[in-house]
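Inspection log for the structure reproduced underneath, given as structure tokens.
The values are calculated or read from the model by the stated rules, or taken from the named source; none is laboratory data. Since this is a predicted model, take the numbers as computed values, not measurements. Positions of Cβ are generated from backbone atoms using ideal geometry, with glycine treated the same way; all protein chains shown enter the neighbour counts. Calculation scope for accessible area: heavy atoms of the full protein, side chains included, ligands and nucleic acids excluded. Shrake-Rupley method; radii C 1.70, N 1.55, O 1.52, S 1.80 Å.
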Amino acid sequence: MEVLEAIHTRRSVRKYEDKPVSEELIKELLSAAMVAPSAGNAQPWQFIVVDDHEKLSGVKEYSQYAAMAEHAPVAIIICGDLSLEKYPGYWVQDCSAATQNLLLAAHGKGLGAVWTGIYPVEERVKGFSDNFNLPENVIPLSLIVIGWPVHEQKYKDRYKEDRVHKNSW
């Protein structure tokens, strides 16, 4: 899939076929996430791959907008590791770039995925931290729910000329 096509046709997918995602494919997605740009090339991320159905089902208890995880074969929690930061505070941008890379890689491989936010909502951060035994220096940023999509994604032009300014506001 050509990169602009992938960008324009990627959508949040919340309904998945009852079909597993291979370990090899998960490794490809993580590899794509790990080549994201980061401040000072610090790469302050950690990833938790979740394929335990009980854990996926429990996510809705502390992250209501991630209820689709219950019906997905796998999800990946992208976390910022403060002990790996070179420039404090930039872990959010760094892990967001890794999240977007992962989403595009999933789409390019024919998978469907959805970015569900965790940070900065305190209840979600606590829920994920407690339920996945995160160390104090690791903060969960996003949960990417992944599976084989039930529906095909189509191109939708979202360009808005009125949001573009040249040289100044």
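Which of the residues spanning region 120-161 are farther than 24 Å from Leu29 by Cβ and either of a type in the set (S, T, N, Q) or part of a strand (DSSP E or B) (or both)? The answer is Asn137, and nothing else. Scanning region 74-84 for residues that are out of contact with any helix residue (DSSP H, G or I) (no Cβ under 6 Å at 6 or more places or on another chain), assigned to a strand (DSSP E or B) and not acidic (Asp, Glu) gives Val74, Ile76, Ile77, Cys79. Is it the case, given these coordinates, that Trp91 is under 16 Å from the mean Cα position of the chain (by Cα) and either free of Cβ contacts under 8 Å to residues at least 24 places away in the same chain or open to solvent by 40 Å² or more (accessible area, probe 1.4 Å) (or both)? Spelling it out, it is not the case that Trp91 is under 16 Å from the mean Cα position of the chain (by Cα) and either free of Cβ contacts under 8 Å to residues at least 24 places away in the same chain or open to solvent by 40 Å² or more (accessible area, probe 1.4 Å) (or both). The set of residues in region 1-18 that are open to solvent by 70 Å² or more (accessible area, probe 1.4 Å) and under 17 Å from the mean Cα position of the chain (by Cα) comprises Ile7, Arg14, Lys15.
Let me confirm something: among Leu143, Leu103, which residue is touching a residue at least 40 places away in the same chain (Cβ under 8 Å), surrounded by 24 or more Cβ atoms within 10 Å (Cβ to Cβ) and within 16 Å of Arg10 (Cβ to Cβ)? Talk me through it step by step, then tell me what you get.
Details: Leu143 fails: within 16 Å of Arg10 (Cβ to Cβ).
Leu103 is the lone residue from the list that is touching a residue at least 40 places away in the same chain (Cβ under 8 Å), surrounded by 24 or more Cβ atoms within 10 Å (Cβ to Cβ) and within 16 Å of Arg10 (Cβ to Cβ).
Which residues, counting only those in region 19-73, are open to solvent by less than 30 Å² (accessible area, probe 1.4 Å), outside any helix (DSSP H, G or I) and over 22 Å from Asn101 (Cα atoms)? Scanning region 19-73 gives a single hit, Ser63.
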